[in-house]
1. Can you tell me how many residues within the range 1-25 are open to solvent by 20 Å² or more (accessible area, probe 1.4 Å) and within 25 Å of D75 (Cα to Cα)?
2. Does the range 172-191 contain at least one residue that is under 28 Å from F39 (Cα atoms) and within 11 Å of ligand 1 (Cβ to nearest atom)?
3. Of everything in the range 21-36 that's over 16 Å from Q115 (Cβ atoms) and under 25 Å from the mean Cα position of the chain (by Cα), which residue is nearest to ligand 1 (Cβ to nearest atom)?
4. So, in the range 334-344, how many residues would count as being within 22 Å of P288 (Cα to Cα) and in a helix (DSSP H, G or I)?
5. Any residue that is aromatic (F, W, Y), in contact with a helix residue (DSSP H, G or I) (Cβ under 9 Å, 6 or more places away or on another chain) and over 22 Å from A123 (Cβ atoms) - is there at least one of those in the range 71-83?
6. Within the range 26-44, how many residues are more than 30 Å from K140 (Cβ to Cβ) and crowded, with 17+ Cβ neighbours inside 10 Å?
7. Starting from the range 47-61, take each residue that is among the acidic types (D, E) and open to solvent by 60 Å² or more (accessible area, probe 1.4 Å) and list its partners that are assigned to a strand (DSSP E or B) and modelled with pLDDT of 95 or more, counting only C-beta distances under 6 angstrom and pairs at least six apart or across chains.
Amino acid sequence: MKIEVKLKDKSYFVHIDELEKIELDTKVVVVTNPTVSAFHLDTLLSKIDALECHVVTVPDGEKYKNFETINQILDECFLHRLDRKSVLIALGGGVIGDMTGFTASIYQRGIEFIQIPTTLLSAVDASVGGKTGINNKYGKNLVGSFWQPSAVYCETAFLKTLPKREFSAGMAEMIKMAVTFDRSFFEWLENNSLHVEANLQYALRECIKIKADVVSQDEREQGVRAVLNYGHTFAHVIENETKYSKYLHGEAVAIGIVMANELAFELGLLSLEDKKRVNLLLKKYDLPVEYKINNIEKFYDAFFLDKKSFNHKIKFILAKGIGGYIMKDDIEKSLIFKVLGNFS
Ligand SMILES: NC(=O)c1ccc[n+]([C@@H]2O[C@H](COP(=O)([O-])OP(=O)(O)OC[C@H]3O[C@@H](n4cnc5c(N)ncnc54)[C@H](O)[C@@H]3O)[C@@H](O)[C@H]2O)c1
Ligand SMILES: [Zn+2]
């Protein structure tokens, strides 16, 4: 099956379990890391039919999502004399996808690239929508571009080798989309297991439909795309406080969702029962739902370090019932303190 991401300048398809052959009469460079290549590179290479096909293997890890690695990828492009018709292919999770997209956006002022996400997080979120970014000493994803892929191929077979914890982290992003956009998908997630292959395929489709629809409406995140940051305002502070070492991003998002829901509950937007249902679903996938805030003032101040805070206002994305959302940037400081207090 395939889902179209409809954009003004460039539309493309996200294919689910449709990767049979990639035929390109151009040069291709596949970007991957040693972990992913050990599992899936041979399978991918057997499906690529190109003029020339090269592979660059970069170190595995968020800490390598930087300019040094971008230079390594660029070197490979120059070495093999890629031209403006050449194509980069990202085989990996969000880190590989973000770096490949960014390199594609700057090599000779921009060439095409294809996303082949191998984590659940990148399949449902990072690989669709064209945001690319790398980190530097000032923070995460502060350098980047909007650069849409020409196609995305999600293969459930590639996701099978994911460590359990990484799979759960991806589930947090899935639950994020269900809570804010789709009540019936949320209920489906409550009643089904994603460890059944056909179910995983269905869930991927539902999430990618949501993401594609959001991106089609708001490619540059000036409106509804910001809803995908539900849970993230809190998660970014948690990731910062724990120095990006204790939690995977999705795990921090899970805690962030719980905190955002506490705020929504205080504002009368979410019932006690719905709040509990979301917690239960997060727990079903072994995601953390508890966190101890040691210093509320410090936690609150850290909201303003987020690149999405503007004019000294924090924009909270809150669930409005299950399946709805609201964006609010005028919440009383005292109420936020009260909610943070529930976690101290
Ligand atoms: N561009 C966007 O819109 C967007 C959205 C969300 C997140 N992101 C970015 O994505 C990154 C996080 O992505 P991620 O969670 O995929 O992390 P990741 O790319 O680091 O992958 C997680 C780990 O899983 C390994 N791995 C990947 N696929 C595997 C497989 N099939 N089998 C076994 N191991 C596998 C990786 O080597 C890595 O060690 C962050 O840098 C974040 O900023 C971008
Ligand atoms: Zn996220």
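1. Going through the range 1-25 one residue at a time, the tally reaches 3.
2. Yes, some residue in the range 172-191 is under 28 Å from F39 (Cα atoms) and within 11 Å of ligand 1 (Cβ to nearest atom).
3. T35
4. Selection size over the range 334-344: 6.
5. First, the residues of the range 71-83 that are aromatic (F, W, Y): 78.
Add one more test, that the residue is in contact with a helix residue (DSSP H, G or I) (Cβ under 9 Å, 6 or more places away or on another chain), and what stays is 78.
Now restrict to residues that are over 22 Å from A123 (Cβ atoms): 78.
Within the range 71-83 (the criterion being aromatic (F, W, Y), in contact with a helix residue (DSSP H, G or I) (Cβ under 9 Å, 6 or more places away or on another chain) and over 22 Å from A123 (Cβ atoms)), the answer is yes, since at least one residue qualifies.
6. Of all residues in the range 26-44, those more than 30 Å from K140 (Cβ to Cβ) come to 26-27, 42-43.
Filter again for crowded, with 17+ Cβ neighbours inside 10 Å, leaving 27.
Of the residues in the range 26-44, 1 are more than 30 Å from K140 (Cβ to Cβ) and crowded, with 17+ Cβ neighbours inside 10 Å.
7. Once the first residue is among the acidic types (D, E) and open to solvent by 60 Å² or more (accessible area, probe 1.4 Å) and sits in the range 47-61, its partners that are assigned to a strand (DSSP E or B) and modelled with pLDDT of 95 or more give D49/E23; E52/K27.
Matching residues to (1) open to solvent by 10 Å² or more (accessible area, probe 1.4 Å); (2) touching a Phe, Trp or Tyr at 6+ places or on another chain (Cβ under 7 Å); (3) hydrophobic (A, V, I, L, M, F, W, C):
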| residue | (1), (2), (3) |
| --- | --- |
| I175 | no, no, yes |
| R205 | yes, no, no |
| V224 | yes, no, yes |
| F234 | no, no, yes |
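The values are calculated or read from the model by the stated rules, or taken from the named source; none is laboratory data. Owing to the predicted nature of the structure, the values given are computational and were not obtained by experimental measurement. Reconstructed Cβ throughout: ideal geometry from the backbone, glycine too, with neighbour counts over all protein chains shown. Please note that ligands, DNA and RNA were not included when accessible areas were found on the heavy atoms of the full protein model with its side chains. Shrake-Rupley method; radii C 1.70, N 1.55, O 1.52, S 1.80 Å.
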